[in-house]
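Structure first, then comments.
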Amino acid sequence: MTRIKVCGLRSVHEAVACAEAGADALGVNFVPSSVRRIDVPTAAAIVRAVGGRALVVGVVAGMTVEAMHALRDATAVGCLQVHGQPRPEDILALLPHAYAAVRIGDQPDVAYAEAMPGEYVMVDAKVDGALGGTGHVFDWSLVVGLAQRRKMVLAGGLTADNVANAIRQVRPWCVDVASGVESSPGVKDVVKVRAFVNAVRQVG
């Protein structure tokens, strides 16, 4: 069964609602440039409220390994999703509770994702000036092979309308959605979350 991650939760209420709707994982964003950024106390409160119902993932970029370890300890998130051209050695130092997020535009980007250590890797659309959460779709055919070799998280412009096709074509381990289930930037719409979850579950 394809797993589901809803990313960019900004409140306990949103996080609990998404977990109850069927999300397997929830992303909390610490990237300063993101409209979905939250602080450490809010993230820690989300982790406590969600409990064991869903894995809470911390989204980070541009941090040292020491700072990422400290953030993980302070919030108790289950793992970190590392954006911004992460170095393989940094991911290695954070394993097993981290994975790289790589923006895909061409085959060399896929090779870069493949070179990332660990069991898991995320792929997202490559948009100039943005680390993720853009709502843009990329060429899924580029990562079909990667999905066969790794536990791959597919992100980038997924919605209830296109996620079934994405799963059929790519067969990712997990699908990740942020803007595709929002009523406005950074504001989750539980009706859209439920529709997304239903679309994924119908494919299996």
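Throughout, read-outs are computed from the coordinates displayed, never taken from laboratory work. Given the structure is predicted, the values throughout are model-derived calculations rather than measurements. Cβ sites come from the backbone with ideal geometry, for glycine too, and all protein chains shown count toward neighbours.
Observations on the model:
- Using θ = phi - 60° in the Karplus curve 6.51 cos²θ - 1.76 cosθ + 1.60, the 3J(HN,Hα) couplings for the range 106-111 round to 7, 5, x, 5, 5, 4 Hz; x is entered for Gly and Pro.
- Relative contact order [Cα under 8 Å, 6+ residues apart], the chain, whole percent: 21 percent
- Proximal lysines to K5, defined as alpha-carbon separation beneath 17 angstrom and excluding residues fewer than eight positions away on the same chain: K151, K188, K192
- Relative exposure of W140, W173, judged by other C-beta atoms within 10 Å (fewest first): W173, W140
- Annotation: amide H of A61 within the under-5 Å range of H83, sequence separation 5 or more or interchain, hydrogens built in the peptide plane.
- Computed magnitude of the charge dipole of the range 58-204 (debye, nearest 20; Cβ of K, R +1, Cβ of D, E -1): 520 debye
- Summed residue charge, Cβ within 10 Å of W173's Cβ, Lys/Arg positive, Asp/Glu negative: +3
- Here R37, R201, R10 are placed in order of increasing Cβ neighbour count within 10 Å, fewest first, which gives R201, R37, R10.
- Globularity index of the chain, i.e. its alpha-carbon radius of gyration over 2.2 N^0.38 Å: 0.92
- Think of the chain as a dipole: +1 on every Lys or Arg Cβ, -1 on every Asp or Glu Cβ, centred on the Cα centre; then among A45, Q81, H136, A45 lies furthest on the positive end.
- Rounded to the nearest 500, the helix-only mean residue ellipticity at 222 nm of the chain stands at -10500 deg cm²/dmol, with each DSSP H run of n ≥ 4 adding -39,500 (n - 2.57).
- Under 15 Å, Cβ to Cβ, from C18 - net charge with Lys/Arg +1 and Asp/Glu -1: +3
- Virtual spin-label span in nm between A76 and R37, 7 Å along Cα→Cβ: 2.6 nm
- Inter-part distance where the range 13-59 and the range 78-113 are each reduced to a Cα centre, Å: 20 Å
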